[in-house]
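J.: The structure follows.
No value in this document is a laboratory result; all are computed from the given coordinates. No experiment lies behind these values; they were computed from the predicted model shown. Positions of Cβ are backbone-derived with ideal geometry, glycine not excepted, and every protein chain shown enters the neighbour counts.
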Amino acid sequence: MKINKNFLDLEESYLFSTVNKKTREFAASHPDADIIKLSIGDVTRPLCPAVIDAMHKAVDEMADEKTFRGYPPEQGYDFILEKILEHDYIKRGINLTKDEIFLSDGAKSDCGNIGDIFATDNTVAICDPVYPVYIDTNIMNGRKDKIIILPCSAETEFLPAIPGENDKVPDIIYLCFPNNPTGTVASKAYLKKWVDYANKHHSVILYDSAYEAFITDPEIPKSIYEIEGAESCAIELRSFSKTAGFTGLRCGYTVVPHKLVFDNVELNSLWRRRQSTKFNGVSYITQRAAEAVYSSEGQKQIQENLSFYRENAELIFKGVTEAGFKAFGGKYSPYVWLKIPEGFTSWSFFDELLVKCNVVGTPGSGFGKMGEGYLRLTGFGSRERTIEAIERIKKIFAK
């Protein structure tokens, strides 16, 4: 028996596991420290009442032989697929069909699993800084030597440059907007350039739109399919985690249009085959919860939570700016991307912030080489704790 040695090419531990470990160690050695975590992108507000009511009803159905449900359809029940199709796409002028939407247990899973349908010798373009799952799962699949890094910096507004004529053409392109970790958003004109590039070179874009609900400007696209030509070159991944607070429930979906044809094969059929073999579907109770998100009450209630997190992010951005830091994001994103002071590395400033302020961030270098010199803070905490963290930072670092 041999192991998959690709795993040996990964970092020793996952970024957020390391952050948690260091935080626990500090707490153990400083039992009186009042630690505030602005590091992990996990929601803190309860599920909205409409979702809770739907789950209670679904639980009652599962307790009755007449309405009990067993294995769900791998792709999702029609009742939730129809809501997703109508609300997230048709209302925005996007013409998809129900069988192009695949419900899952979250965007993170789909980001990692989608690589199953691609050959291991495909070249992969990944932005830096980046959500670590993109890099790690491609290394796991044996594409370590096939990864093309697209550097993103403040000078480029953290937007990756489209490869030039003399650059290597990527077969697979990862894009994430609003971006994790930088909070950057992309305009329609910018995304149109990527769509045209992908169609010209017969590449596929994997578009992570997990944070689209934080966009409030109608001119900023929430979906890649708002861009003409995207249906023939892009797969879109979405999540209820940040949109509706489902980090503990686990639900998301991936869109694979029929127009995506490579090697004379529809990617839709490959993904369907992959999911039906390796995935047993999302629980009925969770699917009813997701359906409730699209009710009039559900929409009103989740917007209240989203507004709360947006305001937190704005407060963090304003506070660290007043303290003298250069910062990015924090407007159409729950994340603030903080430029750290000279003389620190991302991890040494993580330590500085933890020791002097008892505040936890996420070191930018954990998102790639271009993340060195930055720290990510999140707006997912409580209002009281967020304000307290800002005040501590200002007290220590304000010039």
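J.: Separation between the Glu342 and Glu165 pseudo-spin-labels, each 7 Å from Cα along Cα→Cβ, expressed in nm?
T.: Result: 4.2 nm between the two label points.
J.: Hey, which lysines would be in cross-link range of Lys2, C-alpha to C-alpha under 28 Å, not counting anything within fewer than 8 residues on its own chain?
T.: Within reach: Lys108, Lys144, Lys146, Lys278.
J.: For the chain, what is the mean residue ellipticity at 222 nm derived from helices alone (per DSSP H run of n ≥ 4: -39500 (n - 2.57); sum divided by total residues; nearest 500 deg cm²/dmol)?
T.: Numbers: 12 runs with 147 residues, N = 399.
When only DSSP H runs of four or more count, the value is -11500 deg cm²/dmol.
J.: Quick one: if the Förster radius is 56 Å, what FRET efficiency do Asp263 and Glu322 give, using the C-beta to C-beta distance and rounding to 0.05? Mind dumping the intermediate values first?
T.: Working: r = 55 Å, r/R0 = 0.98.
Taking R0 as 56 Å, the efficiency between Asp263 and Glu322 is 0.55.
J.: Now for a separate question. If you take the beta carbon distance between Asp9 and His56 as r and set R0 to 35 Å, what does 1/(1 + (r/R0)^6) give as a FRET efficiency, to the nearest 0.05?
T.: Working: r = 46 Å, r/R0 = 1.32.
Given R0 = 35 Å and the Cβ-Cβ separation, E is 0.15.
J.: Among bridges DSSP assigns within the chain, what percent are antiparallel (round to 5)?
T.: On the way: 20 of 38 bridges.
Bridges in the chain are about 55 percent antiparallel.
J.: Based on the alpha-carbon gyration tensor of the range 203-256, what equivalent-ellipsoid semi-axes (square roots of 5 times the eigenvalues) come out, in whole Å, largest first?
T.: Values: eigenvalues 90, 45, 7 Å².
In descending order, the three semi-axes are 21, 15, 6 Å.
J.: Sequence gap at least 6, Cα distance under 8 Å: using those rules, report the relative contact order of the range 248-343 to the nearest whole percent. Mind showing how you got there, number by number?
T.: Working: 67 pairs, mean separation 15.0, N = 96.
About 16 percent, as a whole number.
J.: Between their Cα atoms, which of Lys98/Lys242; Lys57/Lys242; Lys91/Lys242; Lys242/Lys399; Lys200/Lys339 are more than 30 Å away from each other? Kindly include the intermediate steps, with their values, before the conclusion.
T.: Working: Lys98/Lys242 23 Å; Lys57/Lys242 23 Å; Lys91/Lys242 21 Å; Lys242/Lys399 35 Å; Lys200/Lys339 37 Å.
In this structure, Lys242/Lys399; Lys200/Lys339 exceed 30 Å between Cα atoms.
J.: Only residues of the range 29-59 count here: report those whose backbone N is under 14 Å from the spot 7 Å along Cα→Cβ of Lys300, or say none.
T.: 49-51
J.: Residue separation times 0.36 nm, minus the C-alpha to C-alpha distance between Arg92 and Glu25: what's the value?
T.: Values: separation 67, 0.36 × 67 = 24.12 nm, distance 4.78 nm.
The Arg92-Glu25 span can extend by a further 19.3 nm.
J.: Residues of the range 170-203 with backbone nitrogen within less than 19 Å of a virtual label 7 Å along the Cα-to-Cβ line of Lys369, please, listed as ranges.
T.: The answer is 170, 174, 181.
J.: Name the trypsin sites (Lys or Arg not before Pro) in the range 313-374 that are in a loop by DSSP and that have at most 14 other C-beta atoms within 10 Å, would you? Before the final figure, lay out each step's value.
T.: Numbers: sites: Lys318, Lys326, Lys331, Lys339, Lys356, Lys369; in loops: Lys326, Lys331.
Hits after loop and neighbour filter: Lys326.
J.: Note down the relative contact order for the chain as a percent, whole number, built from C-alpha pairs under 8 angstrom at least six residues apart.
T.: Values: 747 pairs, mean separation 91.4, N = 399.
About 23 percent, as a whole number.
J.: Once the Cβ-Cβ distance between Lys144 and Tyr71 is put in as r, and R0 is 51 Å, what FRET efficiency do you end up with, to the nearest 0.05? All intermediate terms of the calculation are to be shown ahead of the outcome.
T.: On the way: r = 36 Å, r/R0 = 0.71.
So the FRET efficiency works out to roughly 0.90.
J.: Positive end of the dipole of the range 121-170, charges at C-beta (+1 Lys, Arg; -1 Asp, Glu), about the Cα centre: which of Ile139, Ile126, Ser153 has its Cα farthest in that direction?
T.: After comparing all options, I get Ile139.
J.: Between Ser382 and Arg45, how many nm apart are label points set 7 Å from Cα along the C-beta direction?
T.: With each label placed 7 Å out from Cα toward Cβ, I get 1.5 nm.
J.: Over all distinct alpha-carbon pairs, what is the Kirkwood Rh of the range 152-277 in angstrom? Provide the component values of the computation, followed by the final result.
T.: Details: mean 1/r = 0.0643 Å⁻¹.
Hydrodynamic radius (Kirkwood, Cα pairs) of the range 152-277 is 15.6 Å.
J.: Arrange the following residues from fewest to most other Cβ atoms within 10 Å of their Cβ: Glu165, Glu228. Intermediate results must be reported in sequence, preceding the final value.
T.: Values: Glu165 5, Glu228 10.
So the ranking, lowest neighbour count to highest, is Glu165, Glu228.
J.: Considering Cα pairs under 8 angstrom that are at least six residues apart, work out the relative contact order of the range 302-373 and quote it in whole percent. Show your work: numbers first, answer last.
T.: On the way: 78 pairs, mean separation 14.6, N = 72.
Computed over the range 302-373, the figure is 20 percent.
J.: Test of the criteria: in the range 286-384, which GluC sites (Glu not before Pro) are in a DSSP loop and have at most 15 other Cβ atoms within 10 angstrom of their Cβ?
T.: Details: sites: Glu291, Glu297, Glu304, Glu311, Glu314, Glu322, Glu342, Glu352, Glu372, Glu384; in loops: Glu342, Glu372.
Within the range 286-384, the qualifying GluC sites (Glu not before Pro) (loop, at most 15 other Cβ atoms within 10 Å) are Glu342.
J.: Suppose each label sits 7 Å from its Cα in the direction of the beta carbon; what would the Ala63-Arg274 distance come out to in nanometres?
T.: 4.0 nm
J.: Which distance in Å, rounded to a whole number, links the C-alpha centroids of the range 128-207 and the range 262-285?
T.: 24 Å
J.: Right, here's the next one. From the P(r) of the range 50-296, can you give the percent of Cα pairs sitting at distances over 25 Å?
T.: On the way: 12714 of 30381 pairs.
I get 42 percent for the Cα pairs in the range 50-296 exceeding 25 Å.
J.: How would Lys5, Lys395 line up from fewest to most surrounding beta-carbon atoms within 10 angstrom? Walk me through the intermediate numbers first.
T.: On the way: Lys5 8, Lys395 11.
Least crowded to most crowded, the residues run Lys5, Lys395.
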